[in-house]
Amino acid sequence: MPSGLRDNNLKNSRHPSSPHWSLLGCGALGGVFASLLTQSGQPTRVLLSERHRATLHPGIDFTSLEGHTQLLAIERGFIDKPGPIQRLLVMTKAGQVVSALTPLAGKLAAGVPIVLLHNGMGIAEQVVQLFPHNPVIAGVTSHGAMRCGHFVFRHTGKGETWLGPVNEAAIAYSHLADELALALGQAGWDEQILTRQWQKLAINCAINPLTALYKLKNGELAGPRFADVLQQICVEVADVMQAEGQPTGSDELLRRVMTVVELTADNYSSMYQDMEQGRETEIEAITGFLLGKAAAHGITVPVNQAEPGIAGGRLRSAG
Ligand code: NAP
Ligand code: PAF
């Protein structure tokens, strides 16, 4: 077990007076995290988007990894009257984080930790600006989650979750990882969370745009026609990481990418699914972030640059 990663055998050991988790956004990952936190006995509330104000919320229909389905009662609220927030998990897509949090700017009590769990990078810096008095924590998770219907969620893959501080105020909040571990089975605290975010970004830069543009399952990237392009993507990401003070070998990045390709061979990537369903993709926070950093360092990244452009910018917006 990597250092800092907690294993949990203490399910349901929490007292209801322990601090409330407020989850901003209850989509696939938010629904699964809310369910697992509730099952572990930790008081949990979901803050929903406006479109759910008029809809029924009889509870969350949650199916575990083992296939057990349970109807869970989970408190719900909306951002205009969020109730007391003691710790906030932001569970939206990358491009929704800032607009979802903006109504809380200036209202969230100083010291309430904000945990960001989206894919992609470059958002946390904006959150720190918006909430200069709050600990901001970045998270990387490899759990798999699906929204199968109206408040119907399925946990599709057990993964690792890592949290780490974005600002100095967050350094004292490592206990949040222990508490998440009670629900998720494992979670760890890593002061070098930026390195984990870059490693995840490399995986997303390699897998997501290609699978979305060519309409492929992840496993199809193991075919010989993608060997060169995947290698070039990793070389470019490694160059930018080096310039950002995150030295890594491109071979190491490629090995990580191919491991994920193999482990998720039968899955469609999140970007593929967003494209198919006409939703906005996370390309700006993934390849867009890389391109921004490359430009700042004067590094050319032609292969990554070509990805959003291959389809005339199709990954940049919905529809
Ligand atoms: P999702 O199903 O689209 O969920 C996003 C949720 O955020 C939706 O329920 C959406 O509301 C809600 N939301 C958007 N704006 C909001 C606002 N202003 N106020 C309140 N709620 C708002 O996406 P997801 O799959 O859960 O992914 C979330 C993030 O986790 C992404 O960055 C993704 O890449 C990452 N991630 C996902 C998985 C996975 O397996 N799903 C795994 C690892 C990482 P609506 O209900 O109105 O749509
Ligand atoms: O975005 C995704 O789909 C996932 O992060 C990953 C790891 C690429 C697997 O599909």
Here are some conditions: (1) more than 22 Å from ALA34 (Cα to Cα); (2) in contact with a strand residue (DSSP E or B) (Cβ under 6 Å, 6 or more places away or on another chain). ILE114 meets all but one. Which one does it not meet?
(1)
Say we look at segment 286-301 and pick out the residues that are assigned to a loop (DSSP other than H, G, I, E, B) and of a type outside the set (S, T, N, Q); which of these is farthest from LEU230 (Cα to Cα)?
GLY298
Kindly indicate whether any position in segment 239-257 is assigned to a helix (DSSP H, G or I), within 12 Å of ligand 2 (Cβ to nearest atom) and at pLDDT 95 or above.
yes
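If you go through segment 261-268 one residue at a time, do you hit one that is away from ligand 2 (no atom under 16 Å from the Cβ), surrounded by 16 or more Cβ atoms within 10 Å (Cβ to Cβ) and modelled with pLDDT of 95 or more?
no
Regarding ALA172, is this residue farther than 23 Å from MET241 by Cα and crowded, with 18+ Cβ neighbours inside 10 Å?
Taking the combined requirement at face value, the residue does not satisfy it.
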Flagged in segment 123-151 as touching a helix residue (DSSP H, G or I) at 6+ places or on another chain (Cβ under 8 Å), open to solvent by 20 Å² or more (accessible area, probe 1.4 Å) and in a strand (DSSP E or B), in numbering order, are VAL140, ALA145, MET146, ARG147
Matching residues in segment 191-229 - criterion: being surrounded by fewer than 21 Cβ atoms within 10 Å (Cβ to Cβ), over 20 Å from the mean Cα position of the chain (by Cα) and in a helix (DSSP H, G or I):
LEU213, TYR214, GLY219, GLU220, ALA222, PRO224, ARG225, PHE226, ALA227, ASP228, VAL229
Contacts under 9 angstrom Cβ, first residue in segment 292-304 being aliphatic (A, V, I, L, M), partner at pLDDT below 95 and surrounded by fewer than 18 Cβ atoms within 10 Å (Cβ to Cβ), 6 or more apart
ALA294/GLN305
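The values are calculated or read from the model by the stated rules, or taken from the named source; none is laboratory data. Since the model is a prediction, treat every value here as computed from it, not as a measurement. Ideal geometry is used to build each Cβ from the backbone, glycine not excepted, and the neighbour counts take in all protein chains shown. Each accessible area value is taken on the protein alone, full model and side chains, heavy atoms only, with ligands, DNA and RNA left out. Shrake-Rupley method; radii C 1.70, N 1.55, O 1.52, S 1.80 Å.
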